[in-house]
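These notes are about the structure you will find just below.
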Protein chains: 2
Amino acid sequence: MYKDLNTSERTQMTPGPVEVEPRVLRAMCTPILGQFDPDFTAIMNETMAMIRAVFQTENRWAFPIDGTSRAGIEAVLCSIVEPGDKVFIPIYGRFGHLLVEIAERYGAEVVSIETEWGNVFEPETVIQEIKKVKPKIVAMVHGETSTGCMQPLKAIGEACRELDVLFVVDAVATLGGTAVKVDEWKIDAAIGGTQKCLSVPSGMAPITFNSRVEKLLLERKKIEQGLVEPGKAKNNQSRMIRSNYFDLSQLMDYWGPARLNHHTEATSMIYALREGLRIVLEEGLEERFARHALHEKALMQGITAMGLELYGNPECKLPVVTAITIPAGLDGESVRKMLLEDFYLEIASSFGPLKGKIWRIGSMGYSCRQKNILTVLGALEAVLIRHGAKVYAGKAVQAALDVYQAAKAK
Amino acid sequence: MYKDLNTSERTQMTPGPVEVEPRVLRAMCTPILGQFDPDFTAIMNETMAMIRAVFQTENRWAFPIDGTSRAGIEAVLCSIVEPGDKVFIPIYGRFGHLLVEIAERYGAEVVSIETEWGNVFEPETVIQEIKKVKPKIVAMVHGETSTGCMQPLKAIGEACRELDVLFVVDAVATLGGTAVKVDEWKIDAAIGGTQKCLSVPSGMAPITFNSRVEKLLLERKKIEQGLVEPGKAKNNQSRMIRSNYFDLSQLMDYWGPARLNHHTEATSMIYALREGLRIVLEEGLEERFARHALHEKALMQGITAMGLELYGNPECKLPVVTAITIPAGLDGESVRKMLLEDFYLEIASSFGPLKGKIWRIGSMGYSCRQKNILTVLGALEAVLIRHGAKVYAGKAVQAALDVYQAAKAK
């Protein structure tokens, strides 16, 4: 009735999901363990330690949320935000709007400012606004895949700490591809993604938070009904976190030594995440970021050599996503379709005001390698020629090869 | 630094997570596809069709939530429940309390009744209460793994439909192991689990809901900020669903023909779920339920032949979980520890008032096979003897073998 799974092999050059590391795919074949099996809790603890390492933090709390990246964002926001809390959100792309959306749903009084897409904020502008708005929480996106821009965070983090404001950062697109320095940048809570620079399938979201956040969570803590032992009073606080699934105060008791039953941990995804993190740490963070930067350079050189224009302010370019202005008169979706159907290669379009105006090419994790960069440049050139667009034929791949040869010569 | 994943092979006889079908483990090794790749959306559509089949429903809407089972429950409840809504929840174990917990967090005015654990409700009792309470929603657990009991639902479902009450059922423990007849029992929304009778890893929750629920969702619908195209007004309704991640009205646009971006679907878990469902349908629902019943019988005969007592009212026994009273004076946790450490086999304890009083043995999905039943009986007998408990030595495995031989003779 239903056939064997037999999918096409794609070259994945979107800003996620990207190609999964073969070792990660194999790790998922491991038979499962019970969630309180000492062998499994040891794996959970190792995973926590590796999440700390990639976030460059000494935080005690670092674990994955069992859901996709936005589940991690919602877990952090809904556990921190109480109805009426003032949350300040500077927006420079779609995922800033998502922060607003989630914070508002949990009752926040959101104050936002927005800058033109394709750009980011001067940190000083944000800091001045924080001083005016006096929020409890500032939430920002580190890397906006929707526009291909990256916001510098250090000065903002330092200002938040000084002003006793909680600083929440969506590092979904950047974690594992470029530096995310949670402690040095004074980030109170950060959320990463698996299906981007970690090259693990979508379905988990590593997060970390510090003792400032923990203190707030403990004030809101509630033990689940049905787990309360006889004779112990039920607790039911007015400040309780609205979601049960995303209640970080309960998740602390699940990931901490209490090992109190909550959900059933997603075993195979933990195996995948553990292996993906292990690969990141084996490669080394600095080496990994340098690799991403090299392939980004080759890709950008190739794109511009072809005669295409990069989109957005180059000074704040997100190193793992390259946004390209679709030449006037060209049907961007037709180009993407031909790339997929004839070259088995996927690049992305964008959202909202940028829909139909830019393409986005990711160079993330395992997808970020020479073979893929050369493939996407060659294929894009061929498809553009086929669409009658003016390109400098033969230049793109050569320009990228120049970058690679220069790097090897060093 | 961190070693290769090298886990012990366990015989998993808890009420979940259970051993994963080898074919499902292999399906997860498949390289991923982009979420809007036509190859992938075809897989999503097939998965929806198979979810319908296992829920025995014609509902249009049947898809997984990307999270563990309780994520499915929370998605359904938070999308339906509006602050102040009256929700009636008859409780007969831990997971009834979880329904209360989740409904209350989303602002429901919960009315609950509770029956002694180890039993279920007379449907007529529940129906009389519904008529008194006049709730908008009735939420019930189909199979309570915490006590090993199963609630008959048909009469309650019919009464709910007649009274125009929405009937929500947690079928996490039963889906794929015993009949869950969504349409015939007039269930408006049901939630299943993957890591139990479907033998797929934890991390997804198949759900289904009908047009009565859809109507309510459409009234609460809101398009996400950042996806609104220029010139189209933002919508921001007072009745909006509080969670973004669990917003079923947005998920309908993701799983439906609009394919509107929401989360990034958990690719490898979809591959796993698709393969698990395919195995269920290849085996056939009736054949699968009969297999579960056969192994349950062998297990029960073995347990009682050993001299142990089954816990709970046998008339409402959950066919896929067998609860056993821990003999007086015996340390149940020490028995479980020895089973794990010496026999590499896991059975479960229980929660709250039953903590330390019962063991629970699951016979679910791929774990529900002759080899495992005979193994758990032999190992349990040996461990009990080692603990100085009085057992009829040598009887348990023989009693189970009698059941299997009688079945073969038929």
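The values are calculated or read from the model by the stated rules, or taken from the named source; none is laboratory data. Quick caveat, the model's predicted, so the values are computed rather than measured. When we count neighbours, we look across all protein chains shown, and the Cβ atoms used for this are built from the backbone with ideal geometry, even at glycine. Note: accessible area is taken over every heavy atom of the protein model, side chains too, but ligands, DNA and RNA are not part of it. Shrake-Rupley method; radii C 1.70, N 1.55, O 1.52, S 1.80 Å.
Which one of these is in contact (Cβ under 8 Å) with a residue 40 or more places away in the chain, polar (S, T, N, Q), crowded, with 18+ Cβ neighbours inside 10 Å and under 17 Å from A:Phe95 (Cα atoms): A:Thr147, A:Thr115, A:Thr208, A:Thr178? Being in contact (Cβ under 8 Å) with a residue 40 or more places away in the chain, polar (S, T, N, Q), crowded, with 18+ Cβ neighbours inside 10 Å and under 17 Å from A:Phe95 (Cα atoms) holds for just one of A:Thr147, A:Thr115, A:Thr208, A:Thr178, which is A:Thr147.
Within this structure, A:Pro31 fails the test of being over 23 Å from A:Pro257 (Cα atoms), open to solvent by less than 10 Å² (accessible area, probe 1.4 Å), at the interface with chain B (Cβ under 8 Å from one of its Cβ atoms) and outside any helix (DSSP H, G or I).
Which residues, counting only those in the range B:331-389, are over 26 Å from the mean Cα position of the chain (by Cα) and free of Cβ contacts under 8 Å to residues at least 12 places away in the same chain? Within the range B:331-389, B:Glu341, B:Ile385, B:Gly388 qualify. As a summary of the residue check, A:Gly193 satisfies the conditions (1) under 24 Å from A:Pro17 (Cα atoms); (2) free of Cβ contacts under 8 Å to residues at least 40 places away in the same chain except for the one numbered (2).
Conditions tested, residue by residue: (1) outside any helix (DSSP H, G or I); (2) open to solvent by less than 40 Å² (accessible area, probe 1.4 Å); (3) modelled with pLDDT under 95.
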position: B:Ser350; (1), (2), (3): yes, yes, yes
position: B:Arg360; (1), (2), (3): yes, yes, no
position: B:Tyr366; (1), (2), (3): no, no, no
position: B:Ala379; (1), (2), (3): no, yes, no
position: B:Val391; (1), (2), (3): yes, yes, no
position: B:Ala396; (1), (2), (3): no, yes, no
position: B:Val403; (1), (2), (3): no, yes, no
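Somewhere in the range A:72-92, is a residue modelled with pLDDT of 95 or more, within 8 Å of another protein chain (Cβ to nearest Cβ) and part of a helix (DSSP H, G or I)? Within the range A:72-92, one or more residues are modelled with pLDDT of 95 or more, within 8 Å of another protein chain (Cβ to nearest Cβ) and part of a helix (DSSP H, G or I).
Just so you know, in the range B:34-57 the residues that are open to solvent by 20 Å² or more (accessible area, probe 1.4 Å) and under 20 Å from the mean Cα position of the chain (by Cα) include one that is farthest from the other protein chains (Cβ to nearest Cβ), and it is B:Gln56.
One residue stands out among those in the range B:4-15 that are within 9 Å of chain A (Cβ to nearest Cβ) and at pLDDT 95 or above: the one that is farthest from A:Ile347 (Cα to Cα), which is B:Thr14. For A:Lys408, the requirement of being closer than 25 Å to A:Phe289 by Cβ and either open to solvent by 70 Å² or more (accessible area, probe 1.4 Å) or more than 30 Å from the chain's Cα centre (by Cα) (or both) is met. Checking each residue in the range A:280-321 for being among the acidic types (Asp, Glu), surrounded by fewer than 21 Cβ atoms within 10 Å (Cβ to Cβ) and assigned to a helix (DSSP H, G or I) picks out A:Glu282, A:Glu283, A:Glu286, A:Glu287, A:Glu315.
If you check B:Gly16 against the conditions, is it open to solvent by less than 30 Å² (accessible area, probe 1.4 Å) and either basic (Lys, Arg) or at positive phi (or both)? Considered against the rule, which asks whether it is open to solvent by less than 30 Å² (accessible area, probe 1.4 Å) and either basic (Lys, Arg) or at positive phi (or both), B:Gly16 comes out as yes.
Scanning the range B:100-112 for residues that are over 16 Å from A:Ile241 (Cβ atoms) and open to solvent by 40 Å² or more (accessible area, probe 1.4 Å) yields B:Glu109, B:Val111, B:Ser112. Listed conditions (1) over 25 Å from A:His262 (Cβ atoms); (2) within 14 Å of chain A (Cβ to nearest Cβ) are all met by B:Gly107, apart from (1). Of all the numbered requirements in (1) touching a helix residue (DSSP H, G or I) at 6+ places or on another chain (Cβ under 8 Å); (2) more than 14 Å from chain A (Cβ to nearest Cβ), B:Pro64 misses one, and that requirement is (2). With the requirement that a residue be more than 14 Å from B:Asp66 (Cβ to Cβ) and either in contact with a strand residue (DSSP E or B) (Cβ under 6 Å, 6 or more places away or on another chain) or in contact (Cβ under 8 Å) with a residue 60 or more places away in the chain (or both), what does the range B:239-260 give you? B:Arg239, B:Ile241, B:Arg242, B:Ser249, B:Met252, B:Arg259, listed by residue number.
Residues that are surrounded by fewer than 17 Cβ atoms within 10 Å (Cβ to Cβ) and modelled with pLDDT of 95 or more within the range B:220-244 are absent altogether. Taken as a whole, the structure leaves B:Lys355 outside the set of residues that are basic (Lys, Arg), at pLDDT 95 or above and not assigned by TED's automatic domain parsing to the domain that holds B:Thr174.
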